[in-house]
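> First the structure, then my questions, so here it is.
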Amino acid sequence: MSPLLLGVLIAVVLIVLLLLGTPVAFALGCVSVIFILLFEGIGGLDVFAETLFGGLNEFALLSIPMFILMGAAIASSRAGSDLYEALERWLYRVPGGLLISNLGACSIFAALSGSSPATCAAIGKMGIPEMQKRGYPDGLATGAIAAGGTLGILIPPSITMIVYGIATQTSIGRLFIAGILPGLMLTLLFMAWSLYYAWHKGYRFNIGGAGYSWREKLIILPKILPFLMIIGMILWALYGGVATPSEAAGVGAMMSILLVIIIYRMIHPGELWEVLRSAMRESVMIMMIIGTAALFSYMMSSLYITQSLAEWIAGLEVSPIMLLLFVNLFLLIAGLFLPPVAVILMAAPTLVPIIEQAGFDSIWFGVVLTINMEIGLITPPVGLNLYVINGIAPDVKLPTILLGALPFMLCMVLGIILLTVFPGIATWLPDALMGSLR
């Protein structure tokens, strides 16, 4: 059997295991062991333990549980509701201000928590009923929150960017900064579509009620500004060369815990234990995926599948734009079945050298890849955000949520096109702040 046909067989087996509900880490590990045993025998397993732990033996990986702990502390407090309420108070008189408030709260909270499902749950519980109460279409109300939650893997600090940086030996600080302008661009595209759709459906943004006084607008700011300062502090530490990603993540986690204790009086040991417990569970899950993805990559390389795929792609006599189109289609399909971390760990080390050879920038490609992964979060069958929204808004059917999220997927595709035509959207800011590498 040729390496490429063997690669197709491995992909089919992996997809079947995932559709049967097998956890991603166990699916990757089982497929790796089975195919090594089939094609190399028991002797092929000699280096599996070393490969598994070698995949985790990376100092920069320490930043992942620290950022997760930071997100868990924020997600367990009222920070999300306060952020939503603050934006609503300040944007109350803006036409469509509630839509803008929800998407703005999603983008900021997603960056703080680093978790798309947590963002959907925290903002959706408040935002969806409010939008329904004021006459917004169900598809728009749920689709906007589902899409807004995906912004957390693009806007820094982003765990997805950390994994990409480690997998491709790319500067994590540059990746963080490269995600800022594309993240803002996607947020504005989401807002523009939401406002147009609501207006097209006849919602005229009538403003009723007494509004909010200046005192009510200002009194909530001390609760949310410290959390926004944490993001600024992390970015300053990274691009200023003050701290490594792991050090910045550790300080950010400590500051987040102190802030929720001081601002929200989270002093009960049980509450703090729940924060640590949830952070540990998610960290172990991601680390298991990283370790077994290293096994999977070793198996693919050992059976000469990775090299054959790279040679096949490199041998395609197509223009760089067509090559990029094929790569994007591959990433979109992979994102339908696998979480972002797994796709990046398996695909990025193979794709980045090919992309660079075609004349594209690896930092820029990290942003494009991340947006592809965002699309996967709101696309069945593994579109996690869709199911989270369906859980907190059971009165809205899943097909309605999916149709509501579809235009936001198209906004992301438009974002990828804009990044391809104007790559400086991703590369200008890191070059301006940290100096050009070209």
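What follows draws every value from the coordinates through simple rules; no lab data is involved. Note that this is a predicted model, so its numbers are computed, not measured. Counting neighbours? That spans all protein chains shown, and the Cβs are built from the backbone with ideal geometry, glycine included.
> Please work out the FRET efficiency for the pair Leu45 and Leu19, using the Cβ-Cβ distance as r and a Förster radius of 30 Å; give the result to the nearest 0.05.
FRET efficiency, Leu45 to Leu19: 0.70.
> Among Ser171, Gly80, Leu98, whose Cα lies farthest out toward the positive end of the dipole of the chain, if unit charges sit on the beta carbon of Lys, Arg (+1) and Asp, Glu (-1)?
It is Leu98, whose Cα lies furthest towards the positive end.
> Below 13 angstrom from the Cβ of Ala86, what's the summed charge of the other residues (Lys, Arg +1; Asp, Glu -1)? Before the final figure, lay out the partial values.
Numbers: positive: Arg78, Arg89, Lys217, Lys223; negative: Asp82, Glu85, Glu88, Glu216.
That sum, taken over residues with Cβ under 13 Å, equals 0.
> Only four residue types carry charge here, +1 at the Cβ of Lys and Arg and -1 at the Cβ of Asp and Glu. Report the dipole size of region 121-207 about the Cα centre in Debye, rounded to the nearest 20.
Its charge dipole is roughly 180 debye.
> What is the extension gain from Glu58 to Glu356, computed as 0.36 nm multiplied by their sequence separation minus the C-alpha to C-alpha distance, in nm to one decimal?
104.9 nm
> Taking 0.36 nm per residue of separation and subtracting the Cα-Cα distance, what length does fully extending Cys30 through Arg265 add?
So the extension gain works out to 80.1 nm.
> Please enumerate, by chain and number, the aspartates and glutamates with C-alpha under 20 Å from the C-alpha of Lys125, excluding those fewer than 8 residues away in the same chain.
The qualifying aspartates and glutamates are Asp82, Glu85, Glu88, Asp138, Asp395.
> So how strong a dipole does region 3-434 carry about its Cα centre when Lys and Arg Cβ are +1 and Asp and Glu Cβ are -1, to the nearest 20 debye?
In debye, rounded to 20, region 3-434 gives about 1580.
> When the Cα atoms of region 214-299 are enclosed in a convex hull and the volume is divided per residue, what value in Å³ results?
Looking at region 214-299, the number lands at 139 Å³ per residue.
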